[in-house]
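For reference, the structure discussed in these notes is given below.
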Amino acid sequence: REQLGRHIFIACVPKSGSTFLKNLLIGVTGFRDAFMVNTASQFEQELYLPTLRNTAHLDTVTQQHCRASDVNIHMMQAFEIRPLVLVRNIFDSVMSLLDFYDGGASANSYFRESYRSLDTETKIDLIIDNFVPWYFQFVASWSLAEKQDRLEVFWLSYEELIAAKTDCVCKVLAFYGLTAPANGIETMIKETESRKEKTRFNKGVAGRGKTGLSDEQKAR
């Protein structure tokens with residue numbers, strides 16, 4: 001135990017402001033960026049024990065799209081990692097994923113050239129069918145882990161984060177037993193927001209899914 005570093009672990013759904021939050025927390029804490037997977041590709045970003053073991057002694061900030069699988073829970077328990085679970089309104093998530101794939105991102109899916117020739121409604125249907133089920137499984141898995149007292153979980157939403165960034169960072173730091181002056185946090189927020197190529201914010205707003213999806217798509 002005395003050899004363990006301090007770990008801020010962001011378990012997140014895609015397009016939830018997680019890259020922005022990770023970079024912000026790295027700037028505020030000075031902790032190291034640690035991606036605790038084997039490699040990033042089309043599969044789940046499960047914790048990878050050799051990587052975790054190699055970084056366990058460091059102070060780290062991690063951002064991964066992973067569910068509360070048994071193996072992830074076991075490793076978090078063993079290395080005393082408490083997750084920050086970042087979620088987003090599901091309708092807005094679909095719209096952000098639409099932007100993501102329209103922008104050419106395809107490394108984490110099997111959508112290829114033919115996808116770009118589809119109309120917007122068909123693209124949204126494909127996203128709902130292929131990606132939305134994972135979002136619900138993500139939330140259900142972390143909720144179950146918390147209810148079963150397997151892990152202590154800190155829940156945060158994209159909507160809360162973009163509405164009150166400084167307050168959210170203070171709450172996250174408190175969860176991990178850390179503190180930072182508010183003016184320092186605000187300065188780091190401005191610096192992080194200025195590096196747009198690293199934040200990956202498509203629009204940085206909430207509520208787009210309300211008008212962007214049809215009633216039938218919302219119902220599905």
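The values are calculated or read from the model by the stated rules, or taken from the named source; none is laboratory data. All figures in this text were calculated on a predicted structure; none of them were measured in a lab. Don't worry about glycine lacking a Cβ; one is built from the backbone with ideal geometry, like all the others, and counts go over all protein chains shown. Please note that ligands, DNA and RNA were not included when accessible areas were found on the heavy atoms of the full protein model with its side chains. Shrake-Rupley method; radii C 1.70, N 1.55, O 1.52, S 1.80 Å.
Annotations for the structure displayed:
- In segment 178-188, residue surrounded by the most Cβ atoms within 10 Å (Cβ to Cβ) [restricted to those that are free of Cβ contacts under 8 Å to residues at least 40 places away in the same chain and not in a helix (DSSP H, G or I)]: 181
- Identity of the residue in segment 56-102, open to solvent by 60 Å² or more (accessible area, probe 1.4 Å) and of a type in the set (D, E, K, R), that ends up nearest to residue 139 (Cα to Cα): 67
- Selection count where residues are part of a loop (DSSP other than H, G, I, E, B), among the hydrophobic types (A, V, I, L, M, F, W, C) and crowded, with 20+ Cβ neighbours inside 10 Å, scope segment 14-55: 4
- Within segment 66-90, considering residues that are outside any loop (DSSP other than H, G, I, E, B) and under 14 Å from the mean Cα position of the chain (by Cα), the one nearest to residue 133 (Cα to Cα): 90
- Note on segment 115-131: residues that are surrounded by 13 or more Cβ atoms within 10 Å (Cβ to Cβ) and of a type outside the set (S, T, N, Q) amount to 9.
- Condition met for residue 11 (open to solvent by less than 40 Å² (accessible area, probe 1.4 Å), out of contact with any Lys or Arg (no Cβ under 6 Å at 6 or more places or on another chain), part of a strand (DSSP E or B) and at negative phi): yes
Yes/no matrix, rows are residues, columns are (1) basic (Lys, Arg); (2) under 22 Å from residue 14 (Cα atoms):
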{"position": "127", "(1), (2)": "no, yes"}
{"position": "147", "(1), (2)": "yes, no"}
{"position": "154", "(1), (2)": "no, yes"}
{"position": "177", "(1), (2)": "no, no"}
{"position": "188", "(1), (2)": "no, no"}
{"position": "209", "(1), (2)": "no, yes"}
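- Neighbours by Cβ (under 8 Å, 6+ apart or cross-chain): first from segment 29-40, within 27 Å of residue 171 (Cα to Cα); second among the charged types (D, E, K, R) and surrounded by 13 or more Cβ atoms within 10 Å (Cβ to Cβ): 29/59; 30/59; 31/6; 31/59; 32/59; 33/22; 37/46
- Residue selected from segment 132-173 under the condition in a loop (DSSP other than H, G, I, E, B) and touching a residue at least 40 places away in the same chain (Cβ under 8 Å), by the criterion surrounded by the fewest Cβ atoms within 10 Å (Cβ to Cβ): 152
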